[in-house]
1. Express the relative contact order of the range 3-73 as a whole percentage, based on alpha carbon pairs under 8 Å and six or more residues apart in sequence.
2. If you project the alpha carbons of the range 1-113 onto the principal axes, what extent comes out on each, in Å, largest first?
3. When Rg is the radius of gyration of the Cα atoms in the range 183-341 and Rh is its Kirkwood radius, what does Rg/Rh come to?
4. How many percent of all Cα-Cα pairs in the range 1-57 sit more than 13 Å apart?
5. With each label point set 7 Å from Cα along the Cα-Cβ vector, what nm distance links Leu9 and Leu426?
6. Positive end of the dipole of the chain, charges at C-beta (+1 Lys, Arg; -1 Asp, Glu), about the Cα centre: which of Leu136, Phe329, Val188 has its Cα farthest in that direction?
7. Tell me which label goes with the value of Rg and Dmax of the Cα atoms in Å computed from the coordinates here: (1) 20.0, 59; (2) 20.6, 69; (3) 23.2, 70.
8. For the range 346-425, report the translational diffusion coefficient in µm²/s to the nearest whole number, using Stokes-Einstein at 20 °C, 1.002 mPa s, and a Kirkwood Rh over Cα pairs.
Amino acid sequence: MKTEQLHKLFLDCNAISTDTRKVSQNNMFFALKGDNFNGNTFAEKAIGLGAKYVIIDEADYKTSDKTILVSNVLKTLQALASFHRTYLSIPIIALTGSNGKTTTKELINTVLSKKYKTTATIGNLNNHIGVPLTLLSMTDETEIGIVEMGANHTKEIEFLCNIAKPDYGYITNFGKAHLEGFGSIQGVIDGKSELYNYLTKNNRHIFLNADDTIQTEKLSKYIRKYGFSETDTNYLKIEFIEANPFVTFKIDDAIINSQLIGQYNFTNLCAASLIGKHFNVELNVIKKALEDYTPTNNRSQIIEKATNRIILDAYNANPTSMKAALDNFSKLKDETKIVFLGDMFELGNEAKQEHQAITDLACNLDIDSVYLIGENFFQSKNDSAKATQFNSFEALKDKLNSINITNTTILIKGSRGMALERILELV
């Protein structure tokens, strides 16, 4: 079946589903395959749950006119999403980067949704499956689409751009994330820059942090760019005021008091402000949107528990974001401060060196106690009295069950696989 024909059937459905646990009436179900499952085997079940059509790629599972046989379900999903994006013909904003993608996406959506009907990536569905699903969630009512793109190898962002065909793009930063796949920090820069390469090649628009020298050097010859800066008057002037602990900044005469902690969130707020102004959202509306936004999902959340104040930033971690979080935390004026740091994943050959660097940094900052959790941190060399190392969460749990932490400000940060939000039950 041609993509155009499949698209007509898709328009007659109310949503896409890839999991029978989430199938509802009149869905189009895509029988995707994974390392440990074969979606084709769920075709009949999806129909029984109300799916209007089921897309399969194994002939043995074609049982009725509702089952549509294609050569490859995943490639069909991607092709349909790309066709649908062209069909809608709306502005698409894509963003990627090593840190802050999801928070920045949420902030952009918060601002633009005050004036436009927007559709944005849900959660972090930002890969070769998530991006197509985001595009296919957009409807005739969508006026602006916001698509987050993640990658851990080169050529992934390029691939996603060819599906989403963005009109605008923003890279949050280049950091030491997914070094195992990218190979080096230069690999990260090259991989993330595939977004700007696509926009340049297709004469589209670039948003940028004009104070990021890597970005400005790469884009020095490109004209269709819009940036923010604290110093360069050629771009939107934004002034950082403080982060104690919440970020406060100024645009024109407007002072914006956000509910985001850490100076590292300043550029995320700047990007949302810049993009809002570019799409003619009034500054007073931008101010209210950003001041009302509160982080969720373990991202820089502040939780008051008994006598302790907890900064929960356990959604993910890499050396760049870990350093930024520690630097910011150490500057807080609180009387007693302790940190719980979990292993950083996907660092490849750099894992030992990077965990040692974070151990050294944490022990030399204005922090009272440092708890290091995970195999990598456990192997770091440490002669500081303030640091305690645990090779597992269970070992940490045993320790916390024997002590009482009160009147303390706590930072919790680690990679998603460490699930350090479990510490909340122990302090």
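Just so it is clear, none of the values below were taken in a lab; they were calculated from the coordinates. Predicted model, so just to flag it, every value in this text is computed and none were measured. We place every Cβ from the backbone using ideal geometry, glycine too, and count neighbours over all the protein chains shown.
1. Values: 129 pairs, mean separation 17.5, N = 71.
The normalised contact order for the range 3-73 reaches 25 percent.
2. Largest to smallest, the principal-axis extents are 46, 32, 25 Å.
3. On the way: Rg = 17.4 Å, Rh = 17.5 Å.
Result: Rg/Rh = 1.00.
4. Details: 870 of 1596 pairs.
Value for the range 1-57: 55 percent of Cα pairs lie more than 13 Å apart.
5. 5.1
6. In the chain, that residue is Leu136.
7. Computed from these coordinates, Rg and Dmax of the Cα atoms in Å corresponds to label (3).
8. Details: Rh = 13.5 Å.
It diffuses with D of about 159 µm²/s by this estimate.
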